[in-house]
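Contents: one structure, followed by commentary.
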Amino acid sequence: MDFNQLVQTVAIYSLPVLFAITLHEAAHGYVARHFGDMTAHAQGRISLNPLRHVDLIGTLAVPLVILLLSGGRFLFGWAKPVPVNYSALRRPRQHMAWVAAAGPAANLAMAVGWALLLKLASLLPPNFFSEPMAAMAQAGIIVNVVFMCLNLLPILPLDGGRILASLLPQRMAWRYARLEPWGLPLLVLLLMTNVLDGILNPLVGLSHAVIRALVL
């Protein structure tokens with residue numbers, strides 16, 4: 001990838017990545033507040049301001065490096081985690097599942113929003129405005145679908161792991177929760193061995209196709 005391609009890629013993906021990660025986190029805080037946990041609210045983390053959620057390494061550096069190293073095929077990153085006080089939820093086990101699911105649901109909503117923008121761009125005559133808008137919209141769909149599918153994997157500390165832990169019987173959930181320290185090393189191993197690609201590609205492809213079919 002030459003310098004011009006690098007600049008173009010960064011320009012197209014910056015906003016989709018920024019909002020995909022930060023609004024994902026804000027959604028966790030919003031749903032936690034709905035179910036009684038005011039921790040994120042008290043810390044000002046239920047906000048659409050990306051600066052409240054950005055982690056310089058996880059939100060900016062890591063996604064950019066992975067995007068470049070994978071030739072635009074894969075994206076991974078994180079924001080500052082929104083604090084959730086499990087015990088402050090009115091029904092901790094049941095409500096934690098909804099709190100965890102809020103992040104991927106936000107990514108799904110954003111993917112649909114970007115698809116609508118892509119539809120609008122396709123209705124405009126090709127020009128200096130509509131073509132970049134279409135490129136960014138396409139990036140927005142892919143970024144959010146990837147984040148949604150990745151976070152729904154049943155691996156702690158991902159959202160899918162939180163959802164699974166909330167659904168398991170209490171004894172099994174406790175044993176499963178003890179595996180959390182191994183979650184991120186496992187993800188890195190799956191990423192480095194390309195196993196993660198094999199898991200995510202069918203899920204991402206199907207989700208992307210469904211969104212485009214419904215909206216476009």
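Read the figures in this text as sums done on the coordinates, not as results from a lab. Remember, it's a predicted structure, so these values are computed and weren't measured experimentally. As a convention, Cβ positions derive from the backbone with ideal geometry for all residues, glycine included, and neighbour counts pool all protein chains shown.
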- Item | Theoretical gain in end-to-end length, Ala213 to Gln5 [0.36 nm per residue, Cα-Cα removed] | 71.9 nm
- For helix 92-123, what angle does its Cα long axis make with the longest principal axis of the chain, in degrees from 0 to 90 and rounded to 10? 10
- Go through the stretch 127-216 and name the trypsin sites (Lys or Arg not before Pro) that are in a DSSP coil and have 16 or fewer other Cβ atoms within 10 Å of their Cβ. Arg178
- Message: Explain nothing, just the number: dipole magnitude of the chain about its Cα centre with +1 on each Lys and Arg Cβ and -1 on each Asp and Glu Cβ, in debye rounded to the nearest 20.
- Response: 800
- Please get the size of the charge dipole for the stretch 94-189, origin at its Cα centre, with Cβ charges of +1 on Lys and Arg and -1 on Asp and Glu, quoted in debye to the nearest 20. 360
- Signed unit charges on C-beta, dipole axis of the stretch 3-215, positive-most listed residue Leu167, Ala40, Ile211: Leu167
- Query: For the stretch 76-128, which chymotrypsin sites (Phe, Trp or Tyr not before Pro) are both in a DSSP coil and crowded by at most 16 other Cβ atoms within 10 Å?
  - Reply: Phe128
- Item | Packing-based order for 195-205, 135-145, 151-161, using average beta carbon neighbours within 10 Å, highest first | 135-145, 151-161, 195-205
- Query: Got the relative contact order for the stretch 3-215 handy, in percent, Cα pairs under 8 Å and 6 or more residues apart?
  - Reply: 21
- Consider all pairwise Cα distances in the stretch 3-215 and report the whole-number % of them above 25 Å. 41
- Full extension between Val195 and Ser122 adds, at 0.36 nm per residue less the Cα distance, a length in nm of 22.8 nm
- Item | Top positive-direction residue, dipole computed over the chain with Cβ charges, set Ser87, Thr193, His24 | Ser87
- Message: Assuming 0.36 nm per residue, please report the length gained on full extension of the stretch His34 to Ile57 beyond their Cα-Cα distance.
- Response: 5.3 nm
- Note on the structure: For Leu48, placing the label point 7 angstrom along Cα-to-beta-carbon and taking the stretch 103-130, residues whose amide nitrogen sits under 17 Å are 106-117
- Message: Spelling out what I want: for every residue of the stretch 149-166, take phi, set θ = phi - 60°, compute 6.51 cos²θ - 1.76 cosθ + 1.60 (Karplus), and round to whole Hz; glycine and proline get x.
- Response: 5, 4, 6, 8, 4, x, 10, 5, x, 5, 4, x, x, 5, 5, 4, 4, 6
- Item | For the stretch 8-23, 3J(HN,Hα) per residue [Karplus equation, 6.51 cos²θ - 1.76 cosθ + 1.60, θ = phi - 60°, Hz, x = Gly/Pro] | 5, 5, 4, 4, 6, 8, 4, 5, x, 5, 4, 6, 4, 7, 6, 6
